[in-house]
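Worksheet: the structure to be examined is printed underneath.
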Amino acid sequence: MFVIPEFTSTWNKFAASLFFGALFVVTAASTAAAGTLAGTVFDPAGRPVAQAQVTLLRSLVVFEQRETDSQGSYQFADLADGKYDLLASAPGLASQQVQVEIHGASGRTLDLRLQLTAVQQEVVVSTSLEDSLASQVGSTVSVVTGQDIQDRDALNVLDVLFGIPGIEVSQAGRYGGVTGVYVRGGQSNYNLVMVDGIELNEFGGDFDFAPLPADGVQHVEVTRGPESALYGPNAVTSVINIVTLQGEGSPHFTFQAEGGNFTTRRFVVDGSGLTHGLSWGFDLSRFDSGGLVTNDNYRNQTVFLSLGYHKSERRRLDLHFVGNANDAGAPGPYGSDPDDLFTGIDTYSRDKQNLFGWGGTYSEQITSKFQQVTTVSADTNDYYFRSPYGDSYSNNLRGVLNTRSEVAVSSTDFFVAGFEYNREQVEDTYISDSNGTPFVLPRTSLAFFAENRWSPTRRLYLTTGVRVDDLRTSALPADDSADRPLLPPSTVAKVNPRVSAAYMLRESRGSSLDGTRLHASFGTGIRPPDGFDLAFTNNPHLKPETSISFDGGIEQRFFQSKAVLDATYFNNHFHDQIVTLGGSLTNLSSFISDNLGNSRAQGAEVSFLVRPIRSLQISVEYTRDNTEVLSLNGSSLALAPLQVGQPLINVPRNSTGYNVTWRHGNLMLNSNAYIRGTALDVEPNYGLGACELDLPCLFPDKGYTRVDGGFSYRLPKGVEIFGRMSNILDQKYEEVLGYPSLPFNFLAGVRVNIPGK
């Protein structure tokens with residue numbers, strides 16, 4: 001049960017002053033709704049564009065979005081007086097950003113003409129405390145659109161993370177195999193993961209990406225760099241936000257069925273629409289595979305649901321639900337090994353997982369310049385593992401209450417401040433008391449946060465923010481078998497700042513969308529100890545792991561934005577990493593584990609995207625990631641068997657990839673590839689613990705090349721046939737040491753689209 005604690009008078013005074021101070025700023029603002037803004041969106045040939053996305057911004061944030069109808073028309077109603085920015089986009093097309101001023105109750109007509117472009121003006125929700133244009137924030141963000149996902153016939157979210165600069169995805173071989181994501185040299189538990197704003201991380205930051213399907217996903221946002229100033233714990237190297245189908249336009253539905261080798265099958269039903277202010281979107285999917293070897297079969301069932309009521313533009317209510325149940329065989333690390341440490345195929349062990357998340361957001365436009373937004377979410381992430389050595393389980397529960405005040409200080413200044421209550425807990429077979437009885441381990445975070453977005457000129461965009469987290473962990477009972485005494489309750493306060501800037505060095509002019517953009521960000525991140533860190537220590541003062549990071553780069557658009565080149569340098573320093581001490585290093589601390597680890601990652605991300613014609617898009621990316629183990633605090637040594645200067649585990653120094661999509665009439669062809677260089681990995685049975693058994697524990701992998709391809713062809717009456725081939729070169733490789741990846745495999749199927757009227 002969640003219990004919200006009573007706030008002290010200090011907390012109450014701060015919250016009250018925040019609210020009334022914000023209210024004072026806007027009391028003079030008019031609440032009267034005024035005019036309308038309407039028009040038509042045309043393509044370069046002067047034809048109306050249906051289903052184009054039209055975005056209206058005010059005070060640097062997204063005010064409203066509309067989708068054009070079958071005639072290319074859009075309309076925004078009940079607009080208060082003031083200055084707005086308007087732009088439109090469609091696949092392969094975009095307009096310039098146009099400033100428009102609304103006065104009085106009269107209507108305003110403004111048509112927009114799109115131009116061919118390689119880059120759309122993406123609206124992102126994870127880079128700031130309110131929706132914004134990706135080009136106006138200094139943080140490094142990549143957006144994978146729903147069209148990109150469909151073109152690649154991606155099975156799950158991890159498929160679309162391949163090829164994003166700075167990201168390494170490692171899956172333990174099979175469908176459903178445990179999957180970690182490493183961003184810019186950070187560990188796999190350094191990423192905050194959300195679905196429609198619902199935080200899904202386990203206690204302490206871990207998250208397995210394997211069960212998240214790509215079905216029903218509208219787009220995926222990956223913001224690289226520390227974002228703890230926005231989201232608090234776990235957002236150390238990235239925020240990965242999955243946005244599912246939202247209701248837009250007239251009701252429409254899709255049915256999909258496909259099959260392939262290894263007795264693989266997938267079935268999908270989804271739909272969305274907007275009717276009389278009620279928006280709805282849903283997706284139901286099921287995926288089954290017989291696997292490659294005995295006990296390698298997999299089943300995944302997922303549901304996404306979104307509901308919204310936006311009858312009044314001043315009041316909005318949005319509800320979201322995600323549910324996933326999966327069952328996977330665990331044949332173990334049966335792959336090749338130079339020292340024959342692996343034990344063959346495990347025919348008994350299995351993983352079962354149930355993941356559920358609920359979220360709701362209510363926003364109230366109190367005046368034309370002041371809005372209050374309140375979000376509530378909860379999620380459960382439960383695992384059950386069957387093993388010949390004994391069954392085990394892990395149950396995670398999280399609840400979040402977030403409320404914030406948003407103030408449009410001026411047309412170029414937007415301020416947000418608020419409070420968050422975040423309660424998480426874990427119950428695990430191996431987190432037990434002295435009697436061997438598992439117990440619930442809870443932690444609470446009380447946080448205040450503020451962010452200001454300011455554009456002193458039309459070329460410069462500055463974002464500053466800070467968040468103060470008060471992390472409170474409950475007492476842990478003693479457990480002699482884990483060398484743990486009674487650990488009393490602990491409280492740790494952490495302050496995380498963040499600054500980012502985007503500057504248009506060379507502005508687009510006239511009909512050209514070309515321009516040069518500089519972008520940079522600086523911030524810090526935190527990851528509190530997970531359940532095992534706390535269960536197997538005698539340290540009552542174990543602190544969160546921390547990071548200090550900087551990135552900066554340049555984006556250059558060429559040939560009227562038909563091509564864009566982006567190059568970004570990043571530098572991450574990870575401190576206070578939790579290490580278990582032994583041997584000669586025990587003199588560094590009186591505890592068996594402590595915050596003594598340090599490491600560094602620096603490198604460059606380069607991406608190039610070109611669309612010479614609307615039917616052809618080519619993208620290439622390259623990442624150079626120089627990681628380094630630094631010495632422990634108080635020592636010139638690293639934790640054995642790691643050595644100072646050695647690269648970090650599971651992070652290749654070089655990786656690259658490409659994606660090509662070509663359309664001709666009703667035919668679409670896609671080819672994509674990912675090439676990973678060598679990286680260090682650990683012995684899969686015992687991990688680094690193998691070193692204590694005098695066994696080899698670190699191995700360099702050989703890297704690999706994975707080439708995929710696919711096609712689709714539209715038939716009459718909304719019928720579409722499609723297929724994909726993975727690992728076309730039939731390469732034998734292991735993303736995780738000891739776990740062979742699938743050889744050549746394919747899927748083919750049919751999709752039926754039922755459009756709305």
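The values are calculated or read from the model by the stated rules, or taken from the named source; none is laboratory data. Here the structure is a predicted model, which means the values were calculated and not measured. As a convention, Cβ positions derive from the backbone with ideal geometry for all residues, glycine included, and neighbour counts pool all protein chains shown.
Considering only residues that are within 30 Å of R751 (Cβ to Cβ) and of a type in the set (G, A, S), look in segment 624-672 and name the one that is surrounded by the most Cβ atoms within 10 Å (Cβ to Cβ). Of everything passing the filter in segment 624-672, G657 is surrounded by the most Cβ atoms within 10 Å (Cβ to Cβ).
If you go through segment 642-692 and pick out every residue that is within 20 Å of Q187 (Cβ to Cβ) and among the aliphatic types (A, V, I, L, M), you end up with 10.
Conditions (1) aromatic (F, W, Y); (2) under 25 Å from T275 (Cα atoms); (3) modelled with pLDDT of 85 or more, marked per residue:
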| position | (1), (2), (3) |
| --- | --- |
| F76 | yes, yes, yes |
| L79 | no, yes, no |
| L86 | no, yes, yes |
| A90 | no, yes, yes |
| V100 | no, no, yes |
| Q115 | no, no, yes |
| A118 | no, no, no |
| Q121 | no, no, no |
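Evaluate segment 48-64: report whether one residue or more is outside any loop (DSSP other than H, G, I, E, B), exposed (fewer than 14 other Cβ atoms within 10 Å of the Cβ), among the β-branched types (V, I, T) and modelled with pLDDT under 85. Checked segment 48-64: no residue is outside any loop (DSSP other than H, G, I, E, B), exposed (fewer than 14 other Cβ atoms within 10 Å of the Cβ), among the β-branched types (V, I, T) and modelled with pLDDT under 85.
Within segment 554-566, residues that are closer than 19 Å to A604 by Cα have Cβ atoms under 9 Å from residues that are surrounded by fewer than 20 Cβ atoms within 10 Å (Cβ to Cβ) and among the aromatic types (F, W, Y) in these pairs: V564/F558; V564/F608; L565/F558; L565/F608; D566/F608, counting only partners at least 6 apart in sequence or on another chain.
Reported count of residues in segment 711-757, each being part of a strand (DSSP E or B) and under 30 Å from A330 (Cα atoms), is 11.
Looking across segment 153-165 at every residue that is outside any helix (DSSP H, G or I) and under 17 Å from T705 (Cα atoms), the one that is modelled with the lowest pLDDT is identified as G163. A Cβ distance below 6 Å, combined with a sequence gap of six or more or placement on separate chains, defines the contacts here; from segment 465-476, residues that are without any contact (Cβ under 8 Å) to a residue 60 or more places away in the chain reach residues that are in a strand (DSSP E or B) in the pairs V468/F448; V468/V495; D470/L446; D470/A493; R472/T444; R472/T491; S474/P442; L476/L487. Of all residues in segment 252-283, those that are farther than 18 Å from L305 by Cα and free of Cβ contacts under 8 Å to residues at least 60 places away in the same chain total 3. Could you tell me whether any residue of segment 707-720 is in contact with a Ser or Thr (Cβ under 9 Å, 6 or more places away or on another chain), under 23 Å from I675 (Cβ atoms) and of a type in the set (F, W, Y)? No, segment 707-720 contains no residue that is in contact with a Ser or Thr (Cβ under 9 Å, 6 or more places away or on another chain), under 23 Å from I675 (Cβ atoms) and of a type in the set (F, W, Y). Please verify whether F699 is within 29 Å of the chain's Cα centre (by Cα), at negative phi and either at pLDDT below 95 or in a strand (DSSP E or B) (or both), treating the condition exactly as stated. So F699 does not fit the description; no.
The residue that is surrounded by the fewest Cβ atoms within 10 Å (Cβ to Cβ), among those in segment 65-80 that are within 21 Å of S363 (Cα to Cα) and without any contact (Cβ under 8 Å) to a residue 60 or more places away in the chain, is Q65. Cβ-Cβ distances below 7 Å connect the following pairs, each with a first residue in segment 198-218 that is under 22 Å from G360 (Cβ atoms), a second residue that is of a type in the set (K, R), and a separation of six or more residues or different chains: E199/R398.
Checked across segment 567-576, the condition of being touching a residue at least 40 places away in the same chain (Cβ under 8 Å), touching a strand residue (DSSP E or B) at 6+ places or on another chain (Cβ under 8 Å), aromatic (F, W, Y) and surrounded by 17 or more Cβ atoms within 10 Å (Cβ to Cβ) holds for at least one residue. The set of residues in segment 670-729 being farther than 30 Å from Q147 by Cα, touching a Lys or Arg at 6+ places or on another chain (Cβ under 9 Å) and of a type in the set (S, T, Y) consists of T678 alone.
For the structure I just gave you, tell me whether E720 is of a type in the set (D, E, K, R), modelled with pLDDT under 90 and either over 18 Å from E621 (Cα atoms) or surrounded by 18 or more Cβ atoms within 10 Å (Cβ to Cβ) (or both). No. Within the set T473, T464, the sole residue that is under 26 Å from T516 (Cα atoms) and of a type in the set (V, I, T) turns out to be T464. Restricting Y348, Y334, Y362 to residues that are surrounded by fewer than 17 Cβ atoms within 10 Å (Cβ to Cβ), more than 21 Å from the chain's Cα centre (by Cα), outside any strand (DSSP E or B) and of a type in the set (F, W, Y) narrows the list to Y348.
Per the conditions (1) closer than 30 Å to A478 by Cβ; (2) assigned to a loop (DSSP other than H, G, I, E, B); (3) in contact with an Asp or Glu (Cβ under 6 Å, 6 or more places away or on another chain), the sole criterion not satisfied by G436 is (3). Quickly run through segment 585-599 and pick out the residues that are buried (at least 18 other Cβ atoms within 10 Å of the Cβ), over 12 Å from T537 (Cα atoms) and not hydroxyl-bearing (S, T, Y). Of everything in segment 585-599, those that are buried (at least 18 other Cβ atoms within 10 Å of the Cβ), over 12 Å from T537 (Cα atoms) and not hydroxyl-bearing (S, T, Y) turn out to be L585, L596, G597, N598. When each of S279, S285 is tested for being among the polar types (S, T, N, Q), at pLDDT below 95 and crowded, with 17+ Cβ neighbours inside 10 Å, the lone residue that passes is S279. The residue that is modelled with the highest pLDDT, counting only those in segment 446-460 that are of a type in the set (D, E, K, R) and part of a loop (DSSP other than H, G, I, E, B), is R459.
Pairing each residue of segment 220-232 that is at positive phi with any residue that is in a loop (DSSP other than H, G, I, E, B), provided the two are 6+ apart or on different chains, yields C-beta distances under 8 Å for G225/S139; G225/R184; G225/T237.
Table: residues versus (1) among the acidic types (D, E); (2) crowded, with 23+ Cβ neighbours inside 10 Å; (3) under 13 Å from the mean Cα position of the chain (by Cα).
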{"residue": "E122", "(1), (2), (3)": "yes, no, no"}
{"residue": "N191", "(1), (2), (3)": "no, yes, yes"}
{"residue": "V220", "(1), (2), (3)": "no, yes, yes"}
{"residue": "S228", "(1), (2), (3)": "no, yes, no"}
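Answer yes or no as to whether V750 is among the β-branched types (V, I, T) and out of contact with any helix residue (DSSP H, G or I) (no Cβ under 8 Å at 6 or more places or on another chain). In short, yes.
Checked across segment 418-425, the condition of being closer than 28 Å to Y84 by Cα and either part of a strand (DSSP E or B) or in contact (Cβ under 8 Å) with a residue 40 or more places away in the chain (or both) holds for at least one residue. Looking only at residues in segment 187-236 that are assigned to a loop (DSSP other than H, G, I, E, B) and among the aliphatic types (A, V, I, L, M), the one that is nearest to V629 (Cα to Cα) is V236.
Here segment 70-95 is the region considered, the condition is being within 28 Å of the chain's Cα centre (by Cα) and part of a loop (DSSP other than H, G, I, E, B), and the residue that is farthest from V54 (Cα to Cα) is G92. Among the residues making up segment 710-757, those that are among the aromatic types (F, W, Y) and within 28 Å of the chain's Cα centre (by Cα) are F711, F722, Y733, Y739, F746.
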